[in-house]
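Below is one structure, written out as structure tokens; comments come after it.
Bear in mind that the values in this text are calculations on the coordinates, not laboratory data. Keep in mind it's a predicted model, so treat the numbers as computed, not measured. Don't worry about glycine lacking a Cβ; one is built from the backbone with ideal geometry, like all the others, and counts go over all protein chains shown.
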Amino acid sequence: MVIFGAAGDLTKRLVVPALYNLACAKLLPEEFAITGVDIAEKSDDEWRGSFREMLQEFVKPAGESAHVDQNAWNWLTSRMSYFRGDLNNSEMYEKLKAKLHEQDASRGTAGNYLFYLAVAPQFFGPVVEHLGKSCLTCETGNCWRRVVIEKPFGHDLASAHELNQRILAVLREEQIYRIDHYLGKETVQNIMMFRFANGFFEPVWNRDRIDHVQITAAETVGVEQRGAFYEKTGALRDMVPNHVFQLVAMTAMEAPSSFSADAVRAEKAKVIESIRICQPDQVSCTAVRGQYGPGEIDGKHVAGYREEPHVAPDSRTETYVAMKLAIENWRWADVPFYVRTGKRLARRKTQIAIRFKEAPCALFRYTAVRNPAPNWLLVRIQPDEGIALEFGAKIPGPVTKLGDVRMDFKYQDYFGTAPNTGYETLLYDVMIGDATLFQRADNIEAGWRVVQPVLDGWGMNPPGDFPNYAAGIDGPAAAEEMLAREGRRWRPIG
Ligand code: BG6
């Protein structure tokens, strides 16, 4: 495995801790070796040592004290070496190639290579082209060459398309693994199991029984040290065409013909391709943007977005977005999917909430049961991972009254918690060549196609009212109004 961006944050926080967890689970091959490439001057030992502190933090199950398995860590670090290099320099790739071949020869292996691009997006195209020119991506015999590309994949539809063209000029689609870390989350993967491995959800999973769907990805964190990146990105680009659309696709897709990568990805692509594309001048009816001002989270005062480091004092970047999506197919026609995501909201919560149609209630005409609460199915992605069903039940007693009750399955009660950064499955899948949990070129472009008119519409009409929500609440009033116009309400986040 070759990690470009070996001294960066992603490698430290996610990639190496995930490799460590895989080493603990004995899921890495004996001949495994990692070469870390970055511009900084470092020795092998300095590079290995730089992970020590992070490891304590990231390998423990939530709430438990860290226990580093020294054998697994030694096993991994003995296979790690550092290579100083400039990603723009073509000679560097030749030297890297020589080093990798040398390693192969000393280990007596024929060398499958996994190139991990943990680098800034402007390097994705150039690094792949350099790898191609130096023939590091050429597959011979049974040896594979695979490239993992991080997000953000493009900045809009045109740039995503261009990047796809660039890398597909060097690599076959089967060699490319575009990561969306949401797909590494167990609870996201479970949506498919939940729907298709059980007999009783699918018959009601359609426009006959479902009124609407709400998908929320709420965060309490602000932009932290990422102001410079976020200013150019905003909540829509950062979260919607990737993470949020993955949740939409998993919730709305048809059952695939098998669990093979292409069968699953084809069904997911159909969902995103069925979303109605609005015109830029209609965006105000189907999308809401917001930016947080100062406020309070968990009893502590927090600054507004415009006061964050590296953010312009009159910034127009959105930190919140809500959208109404119409999936125009036979299963979902007239069932709106409302999605929202934002920073500095009332609570950290990623959830899919499915609201069922009401029961016909004439039966309860002369009783105290007037307006039974609607039934909801809640798929909690994080935190407190689980699935809950809200329904009505008779309150014991001589008077007929209905109470709202909840059946709740919590992952932790059944399966406990295992140390997991969310990258373990993804890395393992790249090594075994299973691309099911990765984005194909068409999946990525279909997502951008839906958000592009919103970007265009917003670009034409700068927001006049930013900041429009205080940190620590559920988002801007306009998001509530978008649902209220249709006689609906968001479920509270807090
Ligand atoms: C990242 C975004 O892709 O996902 C971040 O760039 C966001 O802005 C993060 O905070 C959310 O991921 P998670 O796993 O914390 O829900």
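Assorted remarks:
- Using Cβ point charges alone (K and R +1, D and E -1), the dipole size of the range 370-494 about the Cα centre works out to roughly 720 debye.
- Distribution of pairwise C-alpha distances over the range 273-383, 10 Å bins, in %: 11, 26, 29, 22, 10, 2, 0
- For Asp211, the residues whose modelled amide H falls within less than 5 Å of its own, excluding neighbours fewer than 5 places apart on the same chain, are Arg355, Phe356, Lys357.
- Extension gain, Ala470 back to Ala98 (0.36 nm per residue minus Cα-Cα distance, nm): 128.4 nm
- Formal net charge of residues neighbouring Pro203 (Cβ-Cβ distance under 15 Å; K, R +1; D, E -1): +2
- Isolated cysteines of the chain, defined as having no other cysteine beta carbon under 4.7 Å away, are Cys24, Cys143, Cys278, Cys285, Cys361.
- Rounded FRET efficiency, nearest 0.05, which uses the C-beta distance separating Asp434 from Asn371 and R0 of 60 Å: 0.80
- Label-point gap, in nm, between Arg13 and Phe194 - each point 7 angstrom along Cα→Cβ: 2.6
- Rounded to whole numbers, the Karplus 3J(HN,Hα) couplings from phi for the range 392-402 are x, 9, 5, 7, x, x, x, 8, 6, 9, 10 Hz, using 6.51 cos²θ - 1.76 cosθ + 1.60 with θ = phi - 60°, and x at Gly and Pro.
- Helix 186-196 vs. the chain, principal-axis angle (Cα, 0 to 90°, nearest 10): 60
- Formal net charge of residues neighbouring Met80 (Cβ-Cβ distance under 9 Å; K, R +1; D, E -1): +1
- Sites matching trypsin sites (Lys or Arg not before Pro) across the range 263-326 that sit in DSSP coil, with at most 12 neighbouring C-beta atoms within 10 Å: Arg276
- Simple spin-label estimate for Cys135 and Asp384 in nanometres, 7 Å along Cα-Cβ: 5.9
- Using the empirical formula 2.2 N^0.38 Å as the baseline, the Cα radius of gyration of the chain reaches a ratio of 1.05.
- Local electrostatic count, Trp448, Cβ distance below 14 Å [Lys/Arg +1, Asp/Glu -1]: -3
- Here the dipole of the range 334-393 is about 360 debye; that uses its Cα centre as origin and unit charges on the Cβ of Lys and Arg (positive) and Asp and Glu (negative).
- Segment Gln279-Ala120, length gained on full extension (0.36 nm per residue, minus Cα span): 54.1 nm
- Residue exposure proxy: Ser106, Ser90, Ser315, Ser159, ordered by other Cβ atoms within 10 angstrom of their Cβ from fewest to most, comes out as Ser106, Ser90, Ser159, Ser315.
- In this rough spin-label picture, where each label sits 7 Å from Cα along the Cβ direction, the Gln225-Ala158 distance is 3.4 nm.
- Taking trypsin sites (Lys or Arg not before Pro) across the range 433-494, the ones in a DSSP loop with at most 14 further Cβ atoms lying within 10 angstrom of their Cβ are Arg485, Arg489.
- Pairs exceeding 21 Å between alpha-carbon atoms, taken from Lys12/Lys42; Lys232/Lys324; Lys349/Lys394; Lys185/Lys268; Lys12/Lys97: Lys232/Lys324; Lys349/Lys394; Lys12/Lys97.
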